[in-house]
Amino acid sequence: MEPDADKDLGVPQAPVDDWFAPLDLTPDAFGTYVHIPFCSHRCDYCDFATWADRSHLIDDYVDACVKDIYRQRSEGLRDATSIFFGGGTPSLLSGDQLARILSAIPRTASAEITVECNPDAADAQRLDAYAQAGVNRLSFGVQSLEPRVLAALGRTHNPENVLLAVTNARAAGIKRLNLDLIYGTPGESIDDWRATLEGVIALAPEHISAYALTVEPATPFGQRVASGEEGPDDDRQADAYLLAEGLLKAAGYNWYEISNWSLAGEECRHNLVYWLGGDFATVGCAAHGHSGGRRWWNVRTPERFIERVEAGRDAISGSEEIEAGLRLEEAFSLRLRTRAGVTPSEAADSVVRDLIDGGLAKWVPSAAGAAGPRESEARRALVLTPQGRLVATDVTARLLLAGAAVR
Amino acid sequence: MTSLDRLRCLSIIAHIDHGKSTLADRFLEITGAVSAREMRAQYLDSMDIERERGITIKAQNVRLNWRDHVINLIDTPGHVDFGYEVSRSLAACEGVILLVDASQGIEAQTLANCYLALENDLTIVAALNKIDLPGAEPERVAQEIERVLGIPASELLHISAKTGQGIPELLDAVVDRIPPPTGDIDAPLQGLIFDSYYDPYRGVVSSVRVFNGSLHTGARLRYVQANATHDVEEVGVKLPVPTPVAMLGPGEVGYVISGIKDVGQARVGETVTTAIHPAEALPGYLDPKPMVFCGLYPVDGDEYLELRESLERLRLNDSSFTYEPETSGALGFGFRCGFLGLLHMEIVRERLEREYGLSLVATAPNVEYRAIMADGTIRIIDNPSAMPTSNEVQTIEEPFVGTTILTPVEFVGTIMELCQQRRGELKKMEYLSEERVEIEYDLPLGEVVMDFFDQLKSRTKGYASLDYEQRGYRASHLAKVDILLNGTAVDAFSSIVHRDRAFNYGKRMVSKLRELIPRQLFDVPIQAAVGGRVIARETVKAKRKDVLAKCYGGDITRKRKLLDRQKEGKKRMKQIGRVEVPQEAFVAALSLDD
């Protein structure tokens, strides 16, 4: 494909890189997210909606999920092309519990069905049961293969668990695996990180996510940093990110969102629904849903969720209509985080030029669908370079303030 | 109307923090002018900024009753920037209360104002305040006052404005010692305006002291300096609630409203008389001249018109600042503004931001230079970026001031060091007592308006005090130092410094800016240059990583908040080329450490 030359912007044409394979939603794309807010132990850095002391609620919670799904079906719940069990720790569910929820959810024949698992809860029996129920993708919270780093993160598993988990998953017939990593933990050297990356690549998952450790104030880790303990260092995390990009790319993993890489065609379809502006339903407490510019979120605690559903009501705690201008800006900022890229309006030309000169973004040929006002130029998209992804928030703010998403 | 012999007109002279506003509060309370229920601290300081900063900016007046006498108390501005206003307030009085903190002793500006009072033949009633505090040293301070001002220690009153101790005695002393005003009610009207403010409903309200004749509601007044005529709508006195009266006679103090829309038409020092029987102007009128200049620009260029409107409105209330449009390559459209001094500049800026909701960039303050050009013509330069190049100019002259510094003995060395650094010339040094010294230096005003006062305070733990007066222009070896961001000179950062110090200044400015300019998407080289030659350079390295928000479980709101914060942060910065510069960087020169 020949890229569109634009002399005005002095854009040097990027070579057609295979990893710029198009990223798009199928017309029927629809996600259903199930939140499992239980953990056996809370990690020091986590500020998600999860509880480590309420496993006695699991049975009732599963009942409530099923009941809520039937209520949503009566209102016309669409067939899911992807279903995602997130948490919390969804692998606290037994095979039966998971199967009960899953079988209630309407879905297409080829739907992607993912469950997040703790490596130390991935016994063969459980994973077999999950596969039997229809699960075809697992996401393991590996975080690191360095015991010292795992301890610093307050994780309960060890590197041997990870190997066993992957083996069990493959034995159960799960064809698609994601391994989640965290980099930049205080005390993690660049060599520790390299060893983790190499170890994970050797396990040959289809998908790898690598997240920068982030200090959330309302966590034990956040409080330790606030009281003067060493926190993550931006420059070292930048080095770690660039190392990940280099090693993963060399091993055949294509980048497709700030923190996500996959083998060709193995992108997480469910995440693409979020990032490319698709619609998604939601089941469980504290979860968010979206449909055609309306967003809603459920009550935060499992108790409230169970109570509301038992009373025959929905579990929605709040919602918002996103007005047109904001929708454009959100679509723009989400897509700029992905390799789908954006087409900024002319108002932002000088910012775009600065970004390209500074090596933070580049033009790439794009099949279609880049978010942005210049539809006539949709065959070309502005995509962040690895250096640009690290400062995506700043880049996005600059572009939006310059009017890049304004039609 | 009160007969002359039962009238007293006075001001309180005091240093900041020596308790003037508290004393005024106690007077209001003890004389029954304000009931305990209505009393609030610092009653006469009506602006928020005045209360917050603990200083009086506008002159206020109040009429008090004590022992069948009427006392007109005129509260004067408490800062060197407003010296002229103080001199006009004193011109409206026959006496002053000198209020001195019994643990601190007399301060430079207080002394300057006392000398002013003595020159005007005013009677001084001296009082030592805060005698209830453990650190009070009334004997030492009394000796000092006796030595410096010749007021016998036996005449000093010992009071505590806070507890009320000695206040009735002080009021008695005022009545007994300060002479009543003189004046002829049958002579043509002569009234002195010593303060004016703009009220959005009533127009300009002026504080006035009548010397001769009478000021009636309905009279046709002539404003001598403004050369204009206005009909009196209302005459009144402040009790302190404004209360209309039929007339004000000689020796009386009150307010007058005559439909004026702009305080520039009723300036401090103006004389009012009647149109039918005009009298001569009272002496001492000055057109206040701005001494310090800076550029004011809206952070958001779209707010230019709002800024202009706000300046127009603020000037209705403060005729002593000036503004004219100017254009900066870096900052866009804005105004070059002139102020009486640094505090005045800060106050105007703060009022614009607070009362008019503007977000402003202020450039570093500078003084007005005189360039004697090669062809002998003289150019006035109030903006460093407009300084002509050295081959066009014969000489550059800068304004000097005579400064008086009062300090405890142990700080003399460090103060002299500071003054030498700032190109000062020692004029006089005198021991006021064994502990305290008066030092006089001639200094370039440009050095004083930078951070001289802050430096003086920090070097002397706050014990030294400063006063200054203008001493005209002198030729100096000056150079313009330019600052370049990302290779482009930013006019708003240019400043004029002594040639010998240009290198040092450039280096410190560049490293200060490196601290103030946050890391951003690109490397930002910062350079200082004199006449095109780069003398210092630093680089703000590009930021390599932001917070990488996760988009987990479809919760977009979390990411949106992060993005909104980033956008808000950017809106508070000024975009110069592709560099985002925080507002405080423009006044970086004010906080350079020596």
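Every number here is computed from the coordinates shown, using simple stated rules; none is lab data. Here the structure is a predicted model, which means the values were calculated and not measured. Please note: Cβ atoms are built from the backbone with ideal geometry, for glycine as well, and neighbour counts cover all protein chains shown.
Below, the figures for the structure above:
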quantity	calculated
Average beta carbon contacts from partner chains per residue of B:557-570, 10 Å cutoff	4
Ascending count of other beta-carbon atoms within 10 Å, so fewest first, for B:E434, A:E346, A:E330	B:E434, A:E346, A:E330
Projected area averaged over orientations for chain B, convex hull of C-alpha atoms, nm²	31.6
Charge dipole (the protein assembly as shown, unit charges on Cβ, about Cα centre) - positive-most of A:P159, A:V215, B:H69	A:P159
Size descriptor, Kirkwood hydrodynamic radius, that averages inverse alpha-carbon separations across the protein assembly as shown, Å	34.1
Over segment B:188-272 - Rg/Rh using Cα atoms and the Kirkwood inverse-distance radius	0.91
Value of relative contact order over segment A:124-239, rounded to a whole percent, pairs C-alpha under 8 Å and six or more apart	28
Flagged links, alpha-carbon separation over 31 Å, of B:K130/B:K457; B:K480/B:K567; B:K507/B:K543; A:K362/B:K550	B:K480/B:K567
Cα centroid separation - segment A:309-352 against segment A:33-104, whole Å	26
Computed [θ] at 222 nm, deg cm²/dmol, chain B (DSSP H ≥ 4; -39,500 (n - 2.57); rounded to nearest 500)	-7000 deg cm²/dmol
Chain B, relative contact order [Cα under 8 Å, separation at least 6], %	10
Cα-based helix-to-principal-axis angle, B:108-119 vs chain B, degrees rounded to 10	40
Over chain A: helical MRE at 222 nm, DSSP H runs n ≥ 4 each giving -39500 (n - 2.57), nearest 500	-11000 deg cm²/dmol
Residue mean of other protein chain beta carbons inside 10 Å, A:283-292	2
Leading residue at positive end of dipole, chain B (Cβ point charges), from B:V579, B:V409, B:Y285	B:V579
Net dipole in debye of chain A [+1 Lys, Arg Cβ; -1 Asp, Glu Cβ; about Cα centre; nearest 20]	820
Shielding by partners - mean other protein chain Cβ count within 10 Å, residues of A:203-213	1
Value of relative contact order over chain A, rounded to a whole percent, pairs C-alpha under 8 Å and six or more apart	18
Relative intensity, log₁₀ I(q)/I(0), of segment B:367-475 from a Debye sum that treats every alpha carbon as a point, q = 0.15, 0.18, 0.22 Å⁻¹	-0.67, -0.84, -1.09
Order of B:I381, B:I405 - criterion: other Cβ atoms within 10 Å of each residue's Cβ, fewest first	B:I381, B:I405
Sequence of A:V406, A:V142 once ranked by neighbouring C-beta atoms within 10 Å, starting from the fewest	A:V406, A:V142
Placed amide H near B:C9: partners under 5 Å, 5+ positions off or other chain	B:N72, B:E94, B:G95
Helix A:234-250 axis, angle to chain A major axis (alpha carbon atoms, nearest 10°)	90
Chain A: radius of gyration and largest Cα-Cα distance (Dmax), Å	21.5, 65
In Hz, Karplus ³J(HN,Hα) per residue of segment B:304-313 (6.51, -1.76, 1.60; θ = phi - 60°; x = Gly, Pro)	4, 5, 5, 4, 4, 4, 5, 4, 4, 5
Student exercise, chain B dipole from Lys, Arg, Asp, Glu Cβ charges, in Debye to nearest 20	2860
Rounded to whole Hz, the Karplus (6.51, -1.76, 1.60) HN-Hα couplings of segment B:385-401, x for glycine and proline	5, 8, 5, x, 6, 4, 6, 8, 10, 7, 9, 10, 10, 10, x, 10, 10
Under-5 Å amide H pairs with B:Q575, H placed in peptide plane, nonlocal only	B:V581
Rounded Å value of the spacing that divides the Cα centres of segment A:140-177 and segment B:77-109	78
Rounded to 10°, Cα long-axis angle of helix B:20-30 versus longest principal axis of chain B	40
Compactness index (Cα Rg / 2.2 N^0.38 Å), segment B:478-588	1.33
About the Cα centre, charge dipole magnitude for the protein assembly as shown (Lys/Arg +1, Asp/Glu -1 at Cβ), debye	1920
Charge context of B:A153, other residues only, Cβ under 13 angstrom, K/R +1, D/E -1	-3
Under-5 Å amide H pairs with A:G87, H placed in peptide plane, nonlocal only	A:I36
In order through segment A:100-114: 3J(HN,Hα) via Karplus (6.51 cos²θ - 1.76 cosθ + 1.60), integer Hz, x for Gly, Pro	4, 5, 4, 5, 7, 7, x, 8, 7, 4, 9, 4, 7, 10, 10
